[in-house]
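Report on the following structure.
Nothing in this text is a laboratory measurement; each read-out follows from the coordinates by a stated rule. None of the values given here were measured: they were computed from a predicted structure. Here Cβ is always computed from backbone atoms with ideal geometry, including for glycine, and neighbour counts include all displayed protein chains.
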There are 2 protein chains.
Amino acid sequence: MREPILLPLDLPELDVDLSGGQVRRTVHPSGLRVLTERMPGARSASIGFWVGVGSRDEQAERDDAPGSLGSTHFLEHLLFKGTPTRDAYAIATSFDRIGAEHNALTAKEYTCYYAKVRDADLEDAVTVLADMVTNSVLDPGEFETERGVILEELAMAADDLGDVANERFFEAVLGEHPLGRPIGGNPETIRAARRDDVELHYRERYDPSTLVITAAGAVDHDRLVAQVLAALQLAPDERWRTDRSAEPARRVQRLDDAAATEAVSAGQDAAAPALHLTDRPSEQLNLMIGTRGLCSADPRRFAFGVMNSVLGGGMSSRLFQEIREKRGLAYTAYSFGASYSDGGVFGIYAGTAPEKASEVIELARLELERVAAEGITEEERERALGQIAGSSALALEDSDTRMGRLARAELGSGELYDLDASLERFAAVTAEEIREIAGVLAARPLTVVGVGELGRSGLSA
Amino acid sequence: MREPILLPLDLPELDVDLSGGQVRRTVHPSGLRVLTERMPGARSASIGFWVGVGSRDEQAERDDAPGSLGSTHFLEHLLFKGTPTRDAYAIATSFDRIGAEHNALTAKEYTCYYAKVRDADLEDAVTVLADMVTNSVLDPGEFETERGVILEELAMAADDLGDVANERFFEAVLGEHPLGRPIGGNPETIRAARRDDVELHYRERYDPSTLVITAAGAVDHDRLVAQVLAALQLAPDERWRTDRSAEPARRVQRLDDAAATEAVSAGQDAAAPALHLTDRPSEQLNLMIGTRGLCSADPRRFAFGVMNSVLGGGMSSRLFQEIREKRGLAYTAYSFGASYSDGGVFGIYAGTAPEKASEVIELARLELERVAAEGITEEERERALGQIAGSSALALEDSDTRMGRLARAELGSGELYDLDASLERFAAVTAEEIREIAGVLAARPLTVVGVGELGRSGLSA
């Protein structure tokens, strides 16, 4: 079986054919990493500036501050608001005038600023992204305006009951751990946010050692590295132009499996799921049912992938068939895993009429337990492998998928898989391994989150 | 200036290079049309079976039935539920085992069943889609189950206040016209729906003359035509295997400009917008502000495209700058046009705190009026052209965009534009034409839809 390519910081220049593309990697003396994947025939490119800092790295309480929760996301917004040479309008215009698809996202373990552009426009995108990420002025007036924008973003999410259920689910499953917190903070922390705290976050966390630049599509590695160094005003052998520490940022807290299990299961009957209910006027009750899952590098992730495909990964999956196709109880029913460096969640989602909530919860539990007890059929295993192979091949046609994959390998597992090498691993998973991982999940304390019209549901905590 | 390619039914075989692809078209004696666009280097293909029937073609009242509203969408669901040789599980499995991205959608003027697959899987997709679309059994038991699924889909949409605002907006702007109706019907019509009515809809409306099959990506036209004819069991010179009429389905009602204007503006002060408010508990008020827009073939659509880009088409647009960037009143603010064969809407969306609703409505009106009065700057015009050119080029890299573009040209305008020919038209738009189209829209009676917490908004009808 082919091994993944490992990405240690002291690896010399990497240049390798991978999944039909050519992957190259350069580690600059400052710690800055640039990875590219050239795709034959591409006429456009996706580029991302990734900072290895996410909401989990925030500190709930600083000595003298009301808390920095949401400051990573607040900072992401502010980086669009201006540098000494470009105001917010100039930044917006520089992307719009080339028709770029561009945005930014804050996740639990990283923040990303990205753009997809025609090949001829790549240098423009590099120049503006580099300026935004390293030279933001964090203007106090813009800070106040953006506070309003972020409060509206939170209000929009609060009106989306599926979003609310998702955040409650992470909180319920992961307990007090930083991975369980909402990425954007909450209205209280955003109202209390102070510019100096966000600036401190910027100064402490945005550093060459946490910055990874990845690009895929119509991209020439050497030219891109030169453009990046020029845009960052870094000489090829220079460490960094400020006196910031090049010490890589480290996670402030690690998820302890045992402690998290305990937090989730405290005071609950082992056989009864912990119910977390939020009453909101609605037509549907948004249900999330699940437990702690696998971390990104867990060797059982390939077995989980096959199991998840069969349980809830498509229209032919067991959950979709039992909940929607046979009984018409929901429009959507699926299962998913979300993995981070040292923990994760496994969940099942369904939106259903409140009166049917108990039935749907029971069906979801039964299907998970059935895979744990009986495993899956050979026909299901083959279908899952076909689904993974087909959907992976389609996904890798998009330069943004490849751009993101490079960054997640670099910032996360440190392993880069060729598509075929990855498919070999899925194919090598045995029926027993699939049954086993379902068994591990089914044995963990189950959490049920319900958001919506509780009165008609018969559910109570 | 290059002219578009016209697509009359009596056109002999078409074979032309277009926007970097090779477009071919075959009209079968039955009326069936097959269009393909071969994209050099593509390893996958998107295929769609498009039926020229949408929710606007439904009749609100039949002589003996409570109404067929929502039957087009109900039928779309049922086509996944089985044929004489494939049950619902077999259909789902045949897509999942190749990892296809597949789905269906019902729009106001067409229904589409599509899949994106690796090149080697294209024939499988053709076979299953053809069987679904032409041989559905519409099983009575499945009909009842699917009624529940559709009611859940409507419930999900009812919980999404942005969706609710969008439907209210079409109803308010287009009045009683069928284009103004919600695509999926409503819970009352779905509860009342009868299998025989939906079957009649299927028999009357699904016909070779309304069926258009389009594919883009790694596709060989001759091979695809042969596969389609084999899957539909049509000889190359055969008209159709049933005794159904090959008379093309026609729209049951045309939108009359004057009547619709009258319906919208009835009883309203010309200077005051017509307010349509829906009270729902929420954090944000979802606002839609607009009026009737352009039909698909309106020659002013290129001027509208440039105007819309400047007014509300990106982060540098006037609406985004005024509402979000300068004042922090919303997370999202944009303008859009939706065009149909004989009418359309123009709208502005923003979600804001209820207390700020009046201010946002006023800002949106002012910005539209400002473009109508003063036009746009040359710098804005150039930026809009760059945005249209860049985003069009990026969009055309996806085979599903090209697949959809072929179908909309065939079923809609009957004109197929090369990318460069289309960009020439945008570039030829004068500043005066841009000001003019803004003036036309600003002079029409304005409709304001608000969905959310009205109590704090100060708005009242």
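Taking the Cα-to-Cβ direction at B:GLU378 and at A:LYS326 and moving 7 Å from each Cα, how far apart do the two end points lie in nm?
Spacing of the two 7 Å Cα→Cβ label points: 7.0 nm.
Measure nothing but the geometry: give the 0 to 90° angle between the long axis through the Cα atoms of A:140-158 and the longest principal axis through the Cα atoms of chain A, rounded to 10°.
For helix A:140-158, the angle is close to 20 degrees.
Label B:ALA120 and B:ALA235 with points 7 Å out from Cα along Cα→Cβ: what is the distance between them in nm?
For the pair B:ALA120/B:ALA235, the computed spacing is 3.6 nm.
Which whole number gives the average, over all residues in B:156-166, of C-beta atoms from other chains lying within 10 Å of the residue C-beta?
4
Using the Cα centre of the protein assembly as shown as origin and beta-carbon charges of +1 (Lys, Arg) and -1 (Asp, Glu), tell me which of B:SER335, B:LEU275, B:LEU385 is placed farthest towards the positive end of the dipole.
So the residue we want is B:LEU385.
Given charges of +1 on the Cβ of Lys and Arg and -1 on the Cβ of Asp and Glu, with all other atoms neutral, how large is the dipole of segment B:255-452 about its Cα centre, in debye to the nearest 20?
Computed about the Cα centre, the dipole is about 360 debye.
HN-Hα J couplings of segment B:279-290 from phi, Karplus 6.51/-1.76/1.60, θ = phi - 60°, integer Hz, Gly and Pro as x?
8, 9, x, 6, 8, 10, 9, 8, 10, 10, 10, x
Which of A:THR26, A:THR106, A:VAL117 sits farthest toward the positive end of the charge dipole of chain A, with +1 on the Cβ of Lys and Arg and -1 on the Cβ of Asp and Glu?
A:VAL117
Give a residue-ordered list of calculated ³J(HN,Hα) values for segment A:443-453 (Karplus: 6.51 cos²θ - 1.76 cosθ + 1.60, θ = phi - 60°; whole Hz; x for Gly, Pro).
Here the 3J(HN,Hα) series is 7, 6, x, 8, 10, 10, 10, x, 10, x, 6 Hz.
Equivalent ellipsoid semi-axes for segment A:297-342, as square roots of 5 times the alpha carbon gyration tensor eigenvalues: give them largest first, rounded to whole Å.
They are 25, 10, 5 Å, listed largest first.
Run the simple label-point estimate for A:GLN59 and B:ARG191 please: 7 Å along Cα→C-beta, distance reported in nm.
Distance between the two pseudo-spin positions: 5.8 nm.
Chain B: which residue's Cβ hugs the B-to-A rotation axis most tightly, distance rounded to whole Å?
Nearest residue, distance rounded to whole Å: B:GLY41, 2.
On a C-alpha basis, how far is the centre of segment B:87-156 from the centre of segment A:171-186 in Å? Whole number, if you could?
If we compute the Cα centre of each part, the gap is 38 Å.
Which entries of A:LYS356/B:LYS108; A:LYS326/B:LYS81; A:LYS108/B:LYS116 show an alpha-carbon separation above 20 angstrom in the structure shown?
Where the Cα-Cα span goes over 20 Å, the pairs concerned are A:LYS356/B:LYS108; A:LYS108/B:LYS116.
Once fully extended, how much extra length lies between A:ARG456 and A:MET1, figured as 0.36 nm per residue of separation less the alpha-carbon to alpha-carbon distance?
Computed gain between A:ARG456 and A:MET1 is 158.4 nm.
What does the charge count around A:ARG370 come to, taking other residues whose C-beta lies under 13 Å from its C-beta (Lys +1, Arg +1, Asp -1, Glu -1)?
Net of charged neighbours comes to -3.
Residues of segment A:3-34 with amide nitrogen under 11 Å from the 7 Å Cα-to-Cβ point of A:ALA428?
Zone members listed by number: A:3-4.
Can you tell me the relative contact order of segment B:255-452? Whole percent, Cα pairs under 8 Å, sequence separation 6 or more.
Once divided by the residue count of segment B:255-452, the mean separation gives 38 percent.
Could you list the residues of segment B:293-308 with an amide nitrogen less than 16 Å from a label point located 7 Å from the Cα of B:SER392 in the Cα-to-C-beta direction?
Within reach of a label on B:SER392: B:297-308.
Given R₀ = 25 Å, FRET efficiency for B:ALA90-B:GLU144 by Cβ-Cβ distance, to 0.05?
With a Förster radius of 25 Å, E is 0.80.
Counting each DSSP H run of 4 or more residues in chain B as -39500 (n - 2.57), what helix-only mean residue ellipticity at 222 nm follows after dividing by all residues, to the nearest 500 deg cm²/dmol?
Value at 222 nm, helices only, nearest 500: -12500 deg cm²/dmol.
If one computes the Cα centroid of segment A:345-417 and of segment A:443-460, what distance in Å separates the two points?
Taking the Cα centre of each part, segment A:345-417 and segment A:443-460 sit 23 Å apart.
Considering every residue in A:387-395, what mean count of other chain Cβ atoms within 10 Å of its Cβ is obtained?
6
Please compute the contact order of chain A in relative form: average sequence separation of alpha-carbon pairs under 8 Å and at least six residues apart, divided by the residue count, as a percent.
This gives 23 percent for chain A.
When every alpha-carbon pair in the protein assembly as shown is counted, what percent end up more than 40 Å apart?
So the pairs more than 40 Å apart make up 42 percent of the total in the protein assembly as shown.
What's the center-to-center distance, using Cα atoms, between segment A:311-330 and segment A:4-20 in Å?
So the separation of the two Cα centres works out to 40 Å.
Might you report the magnitude of the Cβ-based charge dipole of segment A:5-249 about its Cα centre, with Lys and Arg at +1 and Asp and Glu at -1, to the nearest 20 debye?
With only Lys, Arg, Asp and Glu charged at Cβ, the dipole is about 480 debye.
Provide the FRET efficiency to the nearest 0.05 for the B:GLU369-B:ASP17 pair, computing r from the beta carbons and using R0 = 51 Å.
FRET efficiency, B:GLU369 to B:ASP17: 0.70.
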